[in-house]
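A short worksheet on the structure shown next.
The values are calculated or read from the model by the stated rules, or taken from the named source; none is laboratory data. Being a predicted model, the structure only gives us computed values, none of them experimental. Positions of Cβ are generated from backbone atoms using ideal geometry, with glycine treated the same way; all protein chains shown enter the neighbour counts. Surface areas here come from the heavy atoms of the whole protein model, side chains and all, with no ligands, DNA or RNA. Shrake-Rupley method; radii C 1.70, N 1.55, O 1.52, S 1.80 Å.
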2 protein chains.
Amino acid sequence: MPQVDATARPTGQPLIESDRVEGTSVYSPDGTKVGSIERLMIDKMSGKVTYAVMSFGGFLGMGSEEFTIPWSKLVYDTKLGGYKTDITEQQLKGSPTFYRDQLYDWTDRNRERELHDYWGASYYW
Amino acid sequence: MPQVDATARPTGQPLIESDRVEGTSVYSPDGTKVGSIERLMIDKMSGKVTYAVMSFGGFLGMGSEEFTIPWSKLVYDTKLGGYKTDITEQQLKGSPTFYRDQLYDWTDRNRERELHDYWGASYYW
């Protein structure tokens, strides 16, 4: 049975405050909670959400660690009141390392392309 | 001379964390600080930023109050390290009142249309 956070009850409301997305649970396709959203990365110019910084808390035996995931890899599930992703532990382990640097500045479009290609995610730009 | 917050220095970085947008200054076209962003409203499904909840702190003599402004009314200015808007005090005073209700649930597209039309803002949907 899927775990649903009481704080992230589905409300039916189409909009959500940015400071409420921070902390929203993320589930695997079978409805198991795998982590939560720490914050969003937003394109200053266009106002598009580009990435979610997620913590995968002990996901499949991994320690808690932050990963920056293309936003298009997350799909909102109104029943769960959270996001679903099909990202696997294997994918996380093999993912490019440059972007795990907390000081990475996201100015290199080629590297972003590499990251999206790795995840099989559509580009946001 | 425009006021520039030390915390919102232009970094040249194209992406910004959602928890850093919260608090970013907003300026009038002449570079005067008129308020700041409290939080963003995000469309859960598309991941688009739809509105910014802004506080206009004593803007042109008004007391500090929160207004939900269509995102397209804000333009990022890299020199100021904040957003510019051409919204005037007159417009704020005459704006529809329904959306100032903190519990307003944003499920009525007609009302959103009315709000965008009022501000002369392009629809986000």
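Give me the lysines in straight-line cross-link reach of A:LYS33: C-alpha distance below 19 Å, same-chain residues under 8 apart excluded.
Candidates past the 8-residue exclusion: A:LYS73, A:LYS79, A:LYS84, A:LYS93, B:LYS44.
What distance in nm separates the two pseudo spin-label positions at A:GLN102 and B:GLU66, each 7 Å out from Cα along the beta-carbon direction?
2.9
How much net charge surrounds B:PHE56 when only other residues with a Cβ under 13 Å from its Cβ are counted (Lys, Arg +1; Asp, Glu -1)?
0
Work out from phi, with θ = phi - 60° and the Karplus expression 6.51 cos²θ - 1.76 cosθ + 1.60, the ³J(HN,Hα) of each residue of segment A:39-50, listed in order in whole Hz, and give x for Gly and Pro.
Per residue, the Karplus-derived 3J(HN,Hα) values read 6, 9, 9, 10, 6, 4, 6, 8, x, 8, 6, 9 Hz.
Tabulate in residue order the Karplus-calculated ³J(HN,Hα) for segment A:79-93, using 6.51 cos²θ - 1.76 cosθ + 1.60 with θ = phi - 60°, rounded to whole Hz; enter x for Gly and Pro.
Listing the rounded values in order: 5, 7, x, x, 9, 10, 9, 9, 5, 10, 4, 4, 5, 4, 5 Hz.
So what does B:GLU65 come to for accessible area, using a 1.4 Å probe and Å² rounded to 10?
80
Would you mind checking which residues have amide H under 5 Å from A:ALA52's amide H? H placed 1.01 Å from N; only 5 or more apart, or other chain.
A:MET41, A:ILE69, A:TRP71
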